[in-house]
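The values are calculated or read from the model by the stated rules, or taken from the named source; none is laboratory data. Since the structure is predicted, the reported quantities are computational estimates derived from the model, not experimental observations. Cβ placement follows ideal geometry from the backbone for every residue including glycine, while neighbour counts extend to all protein chains displayed.
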C-alpha cells in the first residue's frame, strides 16, 4: 500500500472529495473487513459474478499486482460468492485484497489466508445455479449506487470503502493530508483545553448567521480554516 494512503483514513479521503467537488462514492453501509483493523487500497479490478467463479479467475488473470478485486454480486444476501480458493488465488497473483458487494464464506479459512477482504457478511451457501453473464462482467462492477471500472481506485478501512477516480488521486491525497493535519491540530488543542467552539469562532458564526440566515457553518469553517465537515 502506498505510504501516503496508509496514513490517511477513508474519512479524510471522503472529505477531500467534497472539497474537490467530486461525488463521494462509498460502498454500501455495512461493508466491513473480515478482520477488524484491516485496510486495503489499490486500483480496481472489476468482476461481475453470475453464479460461477470463472469470472473471478479471468479477472485475476487480467489483474496486475497491487490491484483490488471488486466483486459485484448485486448485494445479494441469499448466497455467498467468494471463498478461500479465490482468496488464495488472488493472494498468489499479488492482489492487494477483495471487496465484495455481497457475501463471502469459508470465514475461518479466509482469516488464516489473511488477504484483506471486505464484504456485507457471511453465509454458508454458495450460488445454487449459474446465471446469464453480462457482456461487461470484466470491465465494470457495481457497489451499491456506484459503477466502478479500472479507471477507479478503492480504499477501505474500518469505516467502510470509498472509490476514487485514479486520475485525480494525487490531488485528492494532497487535500486529504491537509484536512488530516488540520483536524489533528484541532484535536491537540482540545486536549490542551482550548474548546473546538473557540477554535472555530462559533460565537462569531452564530452572530453572523443571525444577520444572514443563509450562511452555513461549512462556509464559516472555510473562512476560519476549520476542517470539521470537509
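Evaluated against (1) out of contact with any strand residue (DSSP E or B) (no Cβ under 9 Å at 6 or more places or on another chain); (2) within 17 Å of residue 101 (Cα to Cα), residue 27 falls short on exactly one condition, (1). The residue that is surrounded by the most Cβ atoms within 10 Å (Cβ to Cβ), counting only those in region 103-113 that are in contact with a helix residue (DSSP H, G or I) (Cβ under 6 Å, 6 or more places away or on another chain) and more than 20 Å from residue 64 (Cα to Cα), is 110. Restricting region 200-221 to residues that are assigned to a helix (DSSP H, G or I) and farther than 20 Å from residue 15 by Cβ, the residue that is farthest from the chain's Cα centre (by Cα) is 211.
Taking residue 162 as the residue in question, decide whether it is in contact with a strand residue (DSSP E or B) (Cβ under 8 Å, 6 or more places away or on another chain), part of a helix (DSSP H, G or I) and within 27 Å of residue 36 (Cα to Cα). So residue 162 does not fit the description; no. Scanning region 157-175 for residues that are without any contact (Cβ under 8 Å) to a residue 40 or more places away in the chain and buried (at least 18 other Cβ atoms within 10 Å of the Cβ) turns up just one, 169.
This table checks each residue for (1) under 30 Å from residue 103 (Cα atoms); (2) surrounded by 15 or more Cβ atoms within 10 Å (Cβ to Cβ); (3) not assigned by TED's automatic domain parsing to the domain that holds residue 64.
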| residue | (1), (2), (3) |
| --- | --- |
| 124 | yes, no, no |
| 134 | yes, yes, no |
| 151 | yes, no, no |
| 155 | yes, yes, no |
| 177 | no, yes, yes |
| 186 | no, yes, yes |
| 196 | no, no, yes |
| 206 | no, no, yes |
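Conditions tested, residue by residue: (1) buried (at least 24 other Cβ atoms within 10 Å of the Cβ); (2) assigned by TED's automatic domain parsing to the domain that holds residue 162; (3) under 18 Å from the mean Cα position of the chain (by Cα).
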site: 29; (1), (2), (3): no, yes, yes
site: 32; (1), (2), (3): no, yes, yes
site: 39; (1), (2), (3): no, yes, yes
site: 49; (1), (2), (3): yes, yes, no
site: 53; (1), (2), (3): no, yes, no
site: 66; (1), (2), (3): no, yes, yes
site: 86; (1), (2), (3): yes, yes, no
